[in-house]
Amino acid sequence: MKIHQPRRVSAFPLQVVLIVPFVLQILGAVSLVGYLSFKNGQRAVNDLAEQLMDRTSDVVDEHLKSYLAIPQALNQINADAVRRGILDVRDRQIVGKYFWDQMQVYDLTYIGIGLTTGEGVGAARYDGKTITIDDWTANLPNNTTNYATDAKGNRTQITGHWDWDNFSETWYTEPIAAGKPIWKIVATNLPTGPYITASASRPIYDSQNRLLGMIAADIHLLKLSDFLRDLDISQSGQVFIMERNGTLVANSSKEKPFMLVNKKIQRLRAIDNPDSTIQSIASHLQVSKGLQSITQYTAFQLEVQGERHFVNVVPWRDQYGLDWLVVVSVPESAFMGQINANTRTTIALCLGALVIASLMGVLTSRWIARPMLRLNQASEAMASGNLDQTVETSGIRELNTLSNSFNHMAEQVRESFAALENSKEELEDRVEERTAELKNTLEELQRTQSQVIQSEKMSSLGQLVAGVAHEINNPVNFIHGNLTHVQEYTESLLEFVQLQQQHDSNPAPEIQLAAEDIDLEFLQEDLPKMLASMKLGTDRIRQIVLSLRNFSRMDEADFKAVDIHEGIDSTLMILQHRLKARPERPDIELVKDYAELPLVECYAGQLNQVFMNILVNSIDAIDESNAERTYQTIKDHPNRITIRTSVVNAEWVEVAIADNGVGISKEVQQRIFNPFFTTKPLGKGTGMGMSISYQIVTEKHCGKLECFSTPGEGTEFIIQIPFRQHINPEI
């Protein structure tokens with residue numbers, strides 16, 4: 001009988017059994033992960049490129065909107081100043097310094113005016129830094145003089161001469177011909193160097209709407225190119241702006257968008273740009289789409305020198321005629337380079353992990369599993385946010401090193417998180433502090449600017465009022481003084497006529513006929529009344545003139561002891577036309593409750609301005625409350641303004657002005673003295689009246705100005721100032 005021996009089965013070493021399946025699994029996983037990562041990376045490139053270019057287009061759009069809005073807005077301000085007579089274009093010295101001040105505030109290349117007389121003046125920043133002043137006459141040649149300036153805008157020395165003819169330069173002729181605000185690309189080669197700008201310009205008129213010339217504010221196109229170069233995307237891609245005819249406006253490459261040919265500036269078309277990317281994109285747009293037909297956001301991909309580029313085209317327009325195309329281009333390599341590097345790194349790390357895992361598989365799994373499990377648990381705990389982790393050492397030196405490194409890393413992570421938290425809090429505090437400082441500075445600047453403007457306006461108004469009062473006062477005094485003599489002569493003549501009639505009861509027919517023709521009896525009765533009426537009229541005019549002079553107080557620049565009641569009455573006299581009855585309402589009742597007051601040291605003109613602001617607001621509030629009331633209702637419940645003066649604590653004078661208008665809500669009361677705050681419709685109030693009044697009372701007179709109001713019942717403003725001023729604040 002045969003004995004069957006067991007079949008010998010091929011046996012594999014334990015290392016092979018442990019390692020080969022593990023290796024095959026890792027290889028499969030690595031291959032699959034690498035393939036999926038590569039595909040996901042490609043898909044991510046398209047999304048990332050689109051997001052980056054959209055964000056860049058938005059940044060360029062916002063910059064263009066904010067930057068290019070400044071010249072047109074500044075032209076509007078200056079044109080209004082000329083029309084109102086605030087800025088006299090005939091005084092080129094003052095205008096030049098005025099433009100110099102604006103150049104200090106705004107990052108512009110040029111601000112200037114050209115007049116119909118051929119003259120003009122402007123402030124320029126030809127080198128991008130130093131501000132100079134151009135002043136030209138109508139007499140060619142060398143009619144333009146360029147002056148250097150000092151730190152206050154004063155002209156110091158002549159730096160150059162050149163020819164400039166308003167009537168042959170499109171900078172002047174095109175806005176005059178358009179008759180409205182426009183944009184014009186100006187390209188000329190001045191003695192100071194190439195000058196290529198986007199010029200915002202408009203015609204200017206005087207108060208009678210007569211054409212005086214034009215005004216312009218220019219931005220150098222190289223500033224736009226500098227902005228485009230500073231964008232993050234410009235490190236690898238291209239951003240450029242062109243007009244609808246393909247002419248470059250600005251680009252992010254190093255090449256300028258123009259060139260000099262025979263000392264004349266020649267603007268480049270995008271298809272002629274030395275940069276191959278800009279040239280290829282512009283050619284593709286002209287051939288495939290047509291620049292004039294692009295009216296909305298357009299995105300496409302283009303091969304440039306064997307490399308794929310992502311391209312976005314966005315139309316950009318404004319209301320003054322600019323019609324540009326903003327083009328953003330990014331090469332695919334800007335994204336794929338990092339993705340490919342990450343893929344190679346991932347593969348290398350996976351292969352390294354495979355080798356390490358294969359070596360570790362040779363060792364006893366139990367010996368390795370426990371310390372690795374502890375390390376894994378600690379890592380998961382840290383990933384979950386529990387940073388207070390420590391791994392115990394084991395009998396394996398390498399694992400001990402790993403454990404120590406992990407513990408050291410955990411300690412550094414904890415310290416880094418603590419330091420980051422402290423830095424975050426410190427940074428937030430600094431940002432808040434800086435933001436508060438900037439906000440306060442901006443508010444102070446706005447308030448100071450408005451106060452300067454208001455002071456200039458009040459000064460001009462005071463001079464006008466004083467001049468008008470003086471010019472009216474002389475002839476009125478002459479008429480008033482002579483009326484007395486005219487009245488005496490008239491009475492004597494009338495007495496003589498009556499005496500003549502008493503002694504000659506039967507006058508000649510000719511005399512009797514002449515008496516009937518001139519209605520002698522009516523003339524004898526009406527002429528004294530007419531003279532009395534004329535005297536009352538001249539008295540009224542003299543009172544108004546006196547009130548105007550008292551209100552303006554132009555001759556009092558320092559503190560002066562005055563009668564407060566006189567200032568209030570002068571202000572009321574000026575506002576008498578607003579207190580009188582109208583077809584829609586009766587007179588506004590005026591109640592004066594004056595106490596016995598000594599003379600008060602104050603700036604009389606400025607204090608009159610405070611009374612004027614408060615009384616005007618009271619009349620406005622009363623008119624607002626009358627909007628929904630009938631004439632009879634107002635008559636039954638009359639409008640009333642009460643003015644009360646009194647002495648407080650023997651050292652202060654108090655003036656209270658109350659009305660029964662609509663009243664003021666609590667929210668408005670809290671902001672009523674803030675600069676630029678107003679509840680009036682646009683164009684009826686600047687929001688500076690009560691703010692300036694508050695400053696006049698509190699800062700210049702060391703007093704108090706308070707507002708008390710109940711909605712629907714009325715408002716009361718209380719002014720308190722000391723009788724004597726112990727300090728002399730700056731005016």
Being of a type outside the set (D, E, K, R), over 17 Å from Cys707 (Cβ atoms), in contact with a Gly (Cβ under 7 Å, 6 or more places away or on another chain) and touching a residue at least 24 places away in the same chain (Cβ under 8 Å) narrows Leu597, Leu607 down to just Leu607
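Of everything in the stretch 505-530, what is part of a helix (DSSP H, G or I) and among the charged types (D, E, K, R)? Give them in sequence order. Write out each step before concluding.
The initial filter retains those residues of the stretch 505-530 that are part of a helix (DSSP H, G or I), namely 509-517, 520-530.
Hits for the stretch 505-530 are Glu510, Glu516, Asp517, Glu521, Glu525, Asp526, Lys529.
Of all residues in the stretch 126-145 being of a type in the set (D, E, K, R) and more than 23 Å from Ile204 (Cα to Cα), which is surrounded by the fewest Cβ atoms within 10 Å (Cβ to Cβ)? Before you say what the answer is, go through the steps one by one.
Of all residues in the stretch 126-145, those of a type in the set (D, E, K, R) come to 127, 129, 134-135.
Going one step further and asking which of them are more than 23 Å from Ile204 (Cα to Cα), we end up with 127, 129.
Details: Asp127: 10, Lys129: 6.
Among them, the one singled out is Lys129.
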Name every residue in the stretch 231-254 that is more than 15 Å from Ser329 (Cβ to Cβ) and not acidic (Asp, Glu), in order of residue number. Arg244, Asn245, Gly246, Thr247, Val249, Lys254
For Lys256, indicate whether it is at pLDDT below 85 and either surrounded by 14 or more Cβ atoms within 10 Å (Cβ to Cβ) or small (Gly, Ala, Ser) (or both). yes
Elements of type strands (runs of 3 or more DSSP E) in the stretch 648-731, at least 2 residues being at pLDDT 80 or above and more than 23 Å from Asp563 (Cα to Cα): 704-710, 714-722
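Filter the stretch 70-92 down to the residues that are closer than 24 Å to Tyr126 by Cα, in a helix (DSSP H, G or I) and without any contact (Cβ under 8 Å) to a residue 12 or more places away in the chain and list them by number.
So the first thing to find is which residues in the stretch 70-92 are closer than 24 Å to Tyr126 by Cα, and the list is 70-79, 89, 91-92.
Narrowing the set further to residues that are in a helix (DSSP H, G or I) leaves 70-79, 92.
Those that are closer than 24 Å to Tyr126 by Cα, in a helix (DSSP H, G or I) and without any contact (Cβ under 8 Å) to a residue 12 or more places away in the chain: Ala73, Ile77.
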With respect to the numbered conditions (1) at pLDDT below 85; (2) surrounded by 11 or more Cβ atoms within 10 Å (Cβ to Cβ), which one is the sole condition not fulfilled by Asn251? (1)
Go through the stretch 229-268 and give me each residue that's closer than 18 Å to His309 by Cα and either among the β-branched types (Val, Ile, Thr) or outside any loop (DSSP other than H, G, I, E, B) (or both). Asp232, Ile233, Ser234, Gln235, Gln238, Val239, Phe240, Ile241, Asn251
So how many residues does the stretch 157-206 have that are touching a Lys or Arg at 6+ places or on another chain (Cβ under 8 Å) and over 22 Å from Glu243 (Cα atoms)? 4
Part of a helix (DSSP H, G or I), small (Gly, Ala, Ser) and at pLDDT 65 or above - does that describe any residue in the stretch 443-454? no
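From the list Asn262, Asn312, Asn245, which one is polar (S, T, N, Q) and at positive phi?
Details: Asn312 fails: at positive phi; Asn245 fails: at positive phi.
From the options Asn262, Asn312, Asn245, the qualifying one is Asn262.
The values are calculated or read from the model by the stated rules, or taken from the named source; none is laboratory data. Keep in mind that this is a model prediction, so the values were computed, not measured. Cβ coordinates were reconstructed from backbone atoms using ideal geometry, including for glycine residues, and neighbour counts include every protein chain displayed.
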